[in-house]
Amino acid sequence: MKLTVIGTGYVGLCQGAAFAEEGHNVTCVDIVERKIKMLNDFCAGLSEELPLFEPGLPELIRNNSAKDRIQFTTDLKGSIENSDAVFITVGTPPKENGEADLTALKKVSEDIGSAINDSKKDYFIVATKSTVPAGTHKIVKEIISSRTNKQVDIVSNPEFLAQGRAVKDCLNPSRIVIGTDSEKARRIMLDIYKPYHEQGIPIYLMSNVDAELHKYAANSYLAAQISLTNNFANLAKAAGGDWNKVKEGIVADTRIGKFVHSSPGFGGSCFEKDVEQLTHTFEQYDVDCTLLKEVLRQNKLQKQLLAKRIKNHLGSLDGKTIAVWGLAFKAGTDDMRGAPSVPLIEGLIEAGAKVKAYDPVAVNESKKVFSNFEKRDMICYTEDKYSALDGSDALAIVTEWEEFIGADLGIVKNKLKSPIIFDGKDLFKPEEIMRHGFYYSCIGKPDIRDQ
Ligand code: UDX
């Protein structure tokens, strides 16, 4: 089938490429000409660069482009004319007050409405993949209907991809949610997702509003579980216990999910943004949401924890240098939105320290986030993880990159001025740490003071 995907961010590019891999003919549209040129250059073999880092994406785009199953253009109108369905995958970032900013979604809806009106076809499906508050399908419908009298069905079709494994998640999602009251649209959407269904992936049919809520509820469950986990991990540390041991048994109860790893808080573009938007939806319908607000408050506190602990241990940070391993909000992505590395680095620098940072892929993003600190020589970046340790007073780890897990602790000890590690991701075995003699502080267990 012919599909148009509007917006070439993580969702649009990964889902567009996955649709192509399933045999559809996909046109990805974006208003940013630079991105479309980059994608076309990539497909033509003129460049190796894509607008974003996501494992497996270059291969998927290249293979499907070679088979003429994926194209990139700024021509929304031309693309829609030939499509069986149009997917909206533009961003819905948070506004200052935490509500989802629907500006891009509304603009795209206007453009779609005009393109539909000018088209020769009479019937269209517009599917919203962007994460949007309950009821947004009505806004999309109204905007499109204000531009055309043609029959348009709006489908709410949320995505559930996690960055770093977005390609895998788009090819093999846990479930597909199709929200619409139109029988005709439902049939066409089921056709689009037939290759997925044939692989045994469950499809859930529901109303638009249920599909919109589904996405927020799913992310809120995950976020709440992480905040609760971090509360327990902090308690375990304070009480002399080991959260890793506690959680081993906890997850034997399959009713409890897998998100039970202690961390310096959850990051990413979704959890904070979606839970915060959801609190507005609760308030809109006058339903109590104290629990969700607390999930966010706990996460904010958790993100400040590492910087606090470092300050407590080292005393004054004036004139000290801290090596930071990891900038991305998690391994497998270059994304720093909501990353725990940000409050950590801000906290350290505000307390007088300098930061030597290393990340295998997120340095360019970090340079945008910390341009002011870089200008003032408060942060610098190294080409490899060990160089960040030269002359540093301690090491702080905030991303679980594979190359950190395999680090040679002998080299780490030799390079650091003092053998001190604050590990937000609990990457090393206590025996290894003790063999080398470190002061080692994790989130969810007592410190090892074996220097
Ligand atoms: C999340 C959801 O998983 C995905 O379904 C949704 O579509 C978008 O939001 P993402 O933000 O990409 O995806 O990453 P995820 O793997 O869920 O991790 C989010 C954050 O939670 C990361 O900072 C991660 O380190 C943290 N986390 C995760 C924990 O702190 N503990 C855990 O047990 C799991």
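Numbers below:
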quantity: Failed item in (1) under 15 Å from CYS28 (Cα atoms); (2) without any contact (Cβ under 8 Å) to a residue 12 or more places away in the chain, with PHE87 passing the rest; calculated: (2)
quantity: Residue tally, condition more than 12 Å from the ligand (Cβ to nearest atom), in contact with a strand residue (DSSP E or B) (Cβ under 6 Å, 6 or more places away or on another chain) and either closer than 17 Å to GLY23 by Cβ or of a type outside the set (A, V, I, L, M) (or both), over segment 156-185; calculated: 6
quantity: Lone qualifier among ASN64, ASN97, ASN40 - being more than 18 Å from ALA127 (Cβ to Cβ) and either aromatic (Phe, Trp, Tyr) or surrounded by 20 or more Cβ atoms within 10 Å (Cβ to Cβ) (or both); calculated: ASN64
quantity: Which listed residue, of GLU96, GLU59, GLU48, is out of contact with any Ser or Thr (no Cβ under 8 Å at 6 or more places or on another chain), under 24 Å from ALA162 (Cβ atoms) and either among the hydrophobic types (A, V, I, L, M, F, W, C) or free of Cβ contacts under 8 Å to residues at least 12 places away in the same chain (or both); calculated: GLU59
quantity: Segment 172-187: number of residues that are surrounded by fewer than 21 Cβ atoms within 10 Å (Cβ to Cβ) and either of a type in the set (A, V, I, L, M, F, W, C) or free of Cβ contacts under 8 Å to residues at least 40 places away in the same chain (or both); calculated: 10
quantity: Test for LEU205: is it outside any helix (DSSP H, G or I), surrounded by fewer than 16 Cβ atoms within 10 Å (Cβ to Cβ) and touching a strand residue (DSSP E or B) at 6+ places or on another chain (Cβ under 8 Å); calculated: yes
quantity: Residue that is farthest from the chain's Cα centre (by Cα), among those in segment 400-424 that are within 16 Å of the ligand (Cβ to nearest atom), surrounded by 20 or more Cβ atoms within 10 Å (Cβ to Cβ) and closer than 12 Å to LYS385 by Cα; calculated: PHE404
quantity: Residues that are surrounded by 23 or more Cβ atoms within 10 Å (Cβ to Cβ) and more than 15 Å from HIS313 (Cα to Cα), drawn from segment 425-441; calculated: LYS425
quantity: Residue identified as basic (Lys, Arg), within 16 Å of the ligand (Cβ to nearest atom), assigned to a helix (DSSP H, G or I) and within 19 Å of the chain's Cα centre (by Cα) among LYS258, LYS215, LYS237, LYS247; calculated: LYS215
quantity: Tally of residues being in contact with a strand residue (DSSP E or B) (Cβ under 7 Å, 6 or more places away or on another chain), closer than 24 Å to LYS37 by Cα and in a loop (DSSP other than H, G, I, E, B) across segment 76-91; calculated: 4
quantity: Residues located in segment 314-354, provided they are surrounded by fewer than 24 Cβ atoms within 10 Å (Cβ to Cβ) and among the β-branched types (Val, Ile, Thr); calculated: THR321, VAL342, ILE349
quantity: Pairs, first under 19 Å from ALA238 (Cβ atoms) in segment 293-306, second of a type in the set (A, V, I, L, M, F, W, C) and in a helix (DSSP H, G or I), C-beta under 7 Å, six or more apart; calculated: LEU306/LEU344
quantity: Set CYS289, CYS270: member being within 30 Å of ASP181 (Cβ to Cβ) and crowded, with 18+ Cβ neighbours inside 10 Å; calculated: CYS270
quantity: Matching residues in segment 430-444 - criterion: being in a loop (DSSP other than H, G, I, E, B) and either more than 30 Å from the chain's Cα centre (by Cα) or modelled with pLDDT under 95 (or both); calculated: GLY437, PHE438
quantity: LYS293 vs. criteria within 16 Å of the ligand (Cβ to nearest atom) and modelled with pLDDT of 95 or more; calculated: no
quantity: Close pairs from segment 398-417: first touching a residue at least 40 places away in the same chain (Cβ under 8 Å), partner among the β-branched types (Val, Ile, Thr), Cβ under 7 Å, at least 6 apart; calculated: VAL398/VAL324; PHE404/ILE397
quantity: Pair list, Cβ < 9 Å and 6+ apart or interchain, from segment 25-45 residues that are among the aromatic types (Phe, Trp, Tyr) to residues that are surrounded by fewer than 20 Cβ atoms within 10 Å (Cβ to Cβ) and not in a helix (DSSP H, G or I); calculated: PHE42/GLU48; PHE42/GLU49; PHE42/LEU50
quantity: Failed item in (1) closer than 27 Å to ALA100 by Cα; (2) more than 16 Å from the ligand (Cβ to nearest atom); (3) not in a helix (DSSP H, G or I), with LYS141 passing the rest; calculated: (3)
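Listed here are the residues, each with its yes/no results for (1) on the phi > 0 side of the Ramachandran plot; (2) within 11 Å of the ligand (Cβ to nearest atom).
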site: ALA223; (1), (2): no, yes
site: ILE226; (1), (2): no, yes
site: GLY265; (1), (2): yes, yes
site: CYS270; (1), (2): no, yes
site: GLU276; (1), (2): no, no
site: PHE282; (1), (2): no, no
site: GLN298; (1), (2): no, no
site: GLN304; (1), (2): no, no
site: ASP334; (1), (2): no, no
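The values are calculated or read from the model by the stated rules, or taken from the named source; none is laboratory data. These numbers come from a predicted model, not from an experiment. Cβ atoms come from the backbone with ideal geometry, glycine included; neighbour counts cover every protein chain shown.
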